[in-house]
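The structure appears right after this line, and notes come after that.
The values are calculated or read from the model by the stated rules, or taken from the named source; none is laboratory data. Here the structure is a predicted model, which means the values were calculated and not measured. Cβ sites come from the backbone with ideal geometry, for glycine too, and all protein chains shown count toward neighbours. Surface areas here come from the heavy atoms of the whole protein model, side chains and all, with no ligands, DNA or RNA. Shrake-Rupley method; radii C 1.70, N 1.55, O 1.52, S 1.80 Å.
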Amino acid sequence: MKHSVNLSRSLSLTSVVVTGLAFMALTTVFSTYGIASKISHGMVAGSYVLALIVMMFTAHSYGQMAKAYPIAGSAYTYAQKAINSHVGFLVGWAILMDYLLIPMVNFLLFGIFFSAAIPEVPQYVWILTLVVLVTFVNVKGVKLSANINMIVIGLSVLFLIVFCILSVKSIVTGTGTGILFNLDPFINTEESFKYIVAGAALLCFSFLGFDAVSTFSEEVKNPEKNIPRAISLVTIIGGLCFVVVSYFAHNVWPDYTSFKDADSASYEIAYLVGGNALQAAFLAKTAVVVFGSASASQASAARVLYAMGRDGQLPNFFGKLNKRTRTPVNNILLIGLLSLSAMFLSLTFVASFINFGALLAFTAVNLSVVFLYYGKRKERSLKGIIFYLIFPLIGAVLTTCLLLNLDVYSITLGSIWLGIGVIYLLFMTKGLKHKPPVLKTDEIDSSQFNEAAKNM
């Protein structure tokens, strides 16, 4: 039966790129810098370069799959269509962990920073306020959210530029290394390369924005072209920003062991290069960026739930759209309610779940390209071998390596979540005797597939 209500196709290429960058939160480099510096032994820029290389292979795979299936669902949809419905469900289940928790991370960061700055106001008040505001914006529609994210990205870029300019000024006057051009932030010959790999495994979390882009495939004009373009742009722009900022941060403060608190290392660096004024700007930036990232991540999570609910792999409650706003309001409200648990959970506990699901989904999308293009469609020319076999296999190997380099806590918690998904899958399919229900592509507005069909 054809759906009477479809997601509103109202986003331009610029809008979806901005949404992806807002999800990624360009200034997340500051939030993770201290921890990443300890893990990588000061080679944060090198870890970001490695993570960017890995993510470019994976972004290529996402782009190829978005051309074939320009519908909501992201990694879940791609694995389901290219490999099989059982794998698709488990990939969707794994990535759900990330999407449901990333908004919570933002709410926690907001509460932590502002309760520290204004201790008279309890942390739970800050969290509750932001949850209500973000949920309201997403219920109103993706267009409003995209417009707000445009402002968020503009202010984020402005802060990054100011930070880099002040850092250069500090370095040339003798602060930190006193050297503008050196390789120490990328690689230290006295340290093992494994520390760069460990840092990259942590920092892959920073690149989730390009995955979020694919969840808006049914709301973007000309998705077969614009979604792959947006994925590449988000990955490259975000990666370059992370590398540049971490490079200057290292040269300003090269001793990664001397931070008073790794969690607030960037706050210390901000004071060193810009004094109280930059610290105040840092706090204001945090408020704006956290709002943008929470809004984009909540919207993305709602659409993954929508895709799985529409397919029948989750209860029908998740597969409904509001007729007026054409948004998955049920899912948005549910995620808002779940996010209220940020008032009781720790940031460390929540963050431990995230990278496991992301890297598992990235690996599945890389393999989906091989199954679909090289396998089912038999794209086996020289171009096909390079783009549909070698590149995605390299991406799969690299993301698997990063997955195995996660800390034991993350792997344990992630495996427990995945195990729950396996149990639910066995129940849903009566011990794998039946396939999980899937949505037929002709049940969605057929215009979404006209361009994709030309490439089949």
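For the stretch 164-194, the candidate set comprises residues that are touching a residue at least 40 places away in the same chain (Cβ under 8 Å) and among the hydrophobic types (A, V, I, L, M, F, W, C); within that set, the residue that is least open to solvent (accessible area, probe 1.4 Å) is 171. Selection over the stretch 288-335 of residues that are open to solvent by less than 10 Å² (accessible area, probe 1.4 Å), in contact with a Lys or Arg (Cβ under 9 Å, 6 or more places away or on another chain) and assigned to a loop (DSSP other than H, G, I, E, B) gives a count of 2. Taken over the stretch 252-266, the residue count meeting the criterion of being open to solvent by less than 50 Å² (accessible area, probe 1.4 Å) and part of a helix (DSSP H, G or I) is 5. Is it the case that residue 110 is of a type in the set (Phe, Trp, Tyr), under 24 Å from residue 271 (Cβ atoms) and modelled with pLDDT of 90 or more? No.
Within the stretch 182-225, restricting attention to residues that are of a type in the set (S, T, N, Q) and assigned to a helix (DSSP H, G or I), the residue that is nearest to the chain's Cα centre (by Cα) is 206. Of all the criteria given as (1) assigned to a helix (DSSP H, G or I); (2) modelled with pLDDT of 80 or more; (3) more than 19 Å from residue 20 (Cα to Cα); (4) open to solvent by 10 Å² or more (accessible area, probe 1.4 Å), the one not satisfied by residue 378 is (1).
Does residue 326 fit the bill of being of a type in the set (D, E, K, R) and touching a residue at least 24 places away in the same chain (Cβ under 8 Å)? Here the answer is yes, as residue 326 does meet what is asked.
Here the condition is being on the phi > 0 side of the Ramachandran plot, modelled with pLDDT under 95 and in a loop (DSSP other than H, G, I, E, B); of 430, 435, it holds for 430 alone.
So which residues in the stretch 347-367 are of a type outside the set (A, V, I, L, M) and either buried (at least 20 other Cβ atoms within 10 Å of the Cβ) or in contact (Cβ under 8 Å) with a residue 24 or more places away in the chain (or both), if there are any at all? Walk me through it before giving the result.
We begin by selecting, within the stretch 347-367, every residue of a type outside the set (A, V, I, L, M); these are 348-349, 352-353, 355-357, 362-363, 366.
Listed by number, the residues that qualify are 352, 353, 355, 356, 357, 362, 363, 366.
Screening residue 412 on (1) surrounded by fewer than 19 Cβ atoms within 10 Å (Cβ to Cβ); (2) within 22 Å of residue 231 (Cα to Cα); (3) hydroxyl-bearing (Ser, Thr, Tyr) shows it passes everything except condition (2).
Take residue 338 and tell me if it is touching a residue at least 24 places away in the same chain (Cβ under 8 Å), under 19 Å from residue 89 (Cα atoms) and either open to solvent by 10 Å² or more (accessible area, probe 1.4 Å) or aromatic (Phe, Trp, Tyr) (or both). Here the answer is no, as residue 338 does not meet what is asked. The lone criterion from (1) within 26 Å of residue 133 (Cβ to Cβ); (2) free of Cβ contacts under 8 Å to residues at least 24 places away in the same chain left unmet by residue 315 is number (1).
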